[in-house]
1. Tell me which residues, restricted to the range B:98-117, are part of a loop (DSSP other than H, G, I, E, B) and either within 14 Å of another protein chain (Cβ to nearest Cβ) or over 19 Å from B:Lys159 (Cα atoms) (or both).
2. Residues that are farther than 22 Å from A:Tyr251 by Cβ and either among the basic types (Lys, Arg) or at pLDDT below 95 (or both): does the range A:107-125 have at least one?
3. Of the numbered conditions (1) closer than 30 Å to B:Met67 by Cβ; (2) open to solvent by less than 30 Å² (accessible area, probe 1.4 Å), B:Leu176 fails exactly one; give the number of that condition.
4. So in the range A:179-189, with the set limited to residues that are without any contact (Cβ under 8 Å) to a residue 12 or more places away in the chain and assigned to a helix (DSSP H, G or I), which one is surrounded by the most Cβ atoms within 10 Å (Cβ to Cβ)?
5. In the range A:217-229, what residues are open to solvent by 90 Å² or more (accessible area, probe 1.4 Å) and either at pLDDT 90 or above or facing another protein chain (nearest Cβ under 10 Å) (or both)?
6. Tally the residues that are surrounded by fewer than 17 Cβ atoms within 10 Å (Cβ to Cβ), touching a helix residue (DSSP H, G or I) at 6+ places or on another chain (Cβ under 8 Å) and in contact (Cβ under 8 Å) with a residue 60 or more places away in the chain, restricting the search to the range A:79-113.
7. If A:Glu120 passes every condition in (1) within 14 Å of chain B (Cβ to nearest Cβ); (2) loosely packed, with under 15 Cβ neighbours inside 10 Å but one, which one does it miss?
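The values are calculated or read from the model by the stated rules, or taken from the named source; none is laboratory data. Computed from a predicted model, the values in this text were never measured in an experiment. We place every Cβ from the backbone using ideal geometry, glycine too, and count neighbours over all the protein chains shown. Surface accessibility is based on the protein's heavy atoms, side chains included, excluding ligands, DNA and RNA. Shrake-Rupley method; radii C 1.70, N 1.55, O 1.52, S 1.80 Å.
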Protein chains: 2
Amino acid sequence: MDFLKPESVLDLDNIRSSLIRMEDTILFDLIERAQFHRSARVYTYGSFDSLGKYSFLEWMLRETEHMHSELRRYESPDENPFFEDALAEPLLPHLNYPDVLATYQKEINLNSLILKHYIESIVPMISAGPNEQPENYGSCTMCDIQALQALSRRIHFGKFVAESKFRQDEEKMAELIRAKDTEGILSLITKPAVEKQVLKRVREKAESYNLDPHTNLRWSQKTQGKINPESIVEIYENCIIPFTKEVEVQYLLRRLE
Amino acid sequence: MDFLKPESVLDLDNIRSSLIRMEDTILFDLIERAQFHRSARVYTYGSFDSLGKYSFLEWMLRETEHMHSELRRYESPDENPFFEDALAEPLLPHLNYPDVLATYQKEINLNSLILKHYIESIVPMISAGPNEQPENYGSCTMCDIQALQALSRRIHFGKFVAESKFRQDEEKMAELIRAKDTEGILSLITKPAVEKQVLKRVREKAESYNLDPHTNLRWSQKTQGKINPESIVEIYENCIIPFTKEVEVQYLLRRLE
């Protein structure tokens, strides 16, 4: 997929194959996190004096985003920072991304919602147990950052989906937008058959990536550092799919600006 | 596995299950890198004026290590930095790791060898093609850093293997060490049956993680962003296994100091 050609970026088949590839990244990152216990202190404000007003995770995520911004990560239309105020001027020359999305797209950012959902629902569900593992705070935070960035990229890819759907059916879409008909837009962008297929596929992927060919054990038999395929399905059902649709709706509602 | 108890850290079964778990991390990281083209400019000195004397990868790796050192990553006996001179004082209180390894262990560091092998052999072998993808320099470097850190941790785990083997057969080992008999040590620590099993297992894992259940395509049919299982076997055969043994030998040769 040539990312620099608008017609290719907005081709729904290309978007879909990017989304399918991102499933693997998300699964890998969550399986990595599942090795470690919950370690709630990582997410608790004031756990470490030296990190000021930030939690351990927030501190590392901010530092990471600062560094990545110097390498122009957030110039890319498919990247959205968690901490806008932590970003720096890029050290590298700008890349000329084509104008594929509407200019207000950078204002649509669900990351605080994603972060909250990740800490409150996903970590307790997937971690290896409820305990603290101080010797693994760093490792588990690294996994958290990877997973959060992957989830964020996947969910905000809804902007490309929305733009593509808008162009496919401009007349009908414009009508709903003018009427501020959120429900109508939601219903137009929802494809139950596609969603069902996504859930089926991620369950199968989770089963395949969870298999330990050495012992032939699957998750239910408590292989080390693995993840329940049902958890992945739940994450797609309760977070990734609805949050993506929220991005699409927010994007579309402003599309006639 | 309770990492903080020496007798558990040096239990060969525990070491082996950690090594097996690390196979997954390495595989995930390499599969992630395999999405992108080679992008040789990332590894070339002077490609970007603003990054001074460092390549893009080196710059990001140094910045990453600086940040991680503040969070005491390199206090952990199983972590070794690529750029010692980039490290900072930890911001967090020290963790009291038990003295499991000999004190000179931090001087054994094969990272420059690992970095060279990774750039010259592994990247060309696994990347999606030979081209430059400027819009993915950041993403592919993130994958490189993950993969390098995973390879480094896996290879330097040889120190734990060596210490454990030393304690198992102290008399024989001491004799070889006193005689500076590198070949003898190498032969004592080499277990061809175990190596064969490792190669068989990583091939099977690569096949399982490469499977796209959606299309039922495997690597040979060019699924997007996948990796040839034979490449993983080659990386274990020509890099991970021999480099780990090199770490073991270097560690053992000084064990009577």
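1. If the condition is that a residue be part of a loop (DSSP other than H, G, I, E, B) and either within 14 Å of another protein chain (Cβ to nearest Cβ) or over 19 Å from B:Lys159 (Cα atoms) (or both), then B:Pro98, B:Val100 are the ones that fit.
2. No, the range A:107-125 contains no residue that is farther than 22 Å from A:Tyr251 by Cβ and either among the basic types (Lys, Arg) or at pLDDT below 95 (or both).
3. Condition (1) is where B:Leu176 drops out.
4. Among those that are without any contact (Cβ under 8 Å) to a residue 12 or more places away in the chain and assigned to a helix (DSSP H, G or I), it is A:Gly184.
5. A:Gln224
6. Total satisfying the criteria: 4.
7. Every listed condition holds for A:Glu120 apart from (1).
Here is a yes/no grid of residues against (1) at pLDDT below 95; (2) over 30 Å from B:Pro90 (Cβ atoms); (3) of a type in the set (A, V, I, L, M):
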| position | (1), (2), (3) |
| --- | --- |
| A:Cys143 | no, no, no |
| A:Phe157 | no, yes, no |
| A:Arg201 | yes, yes, no |
| A:Asn210 | yes, yes, no |
| A:Tyr236 | no, yes, no |
| A:Tyr251 | no, yes, no |
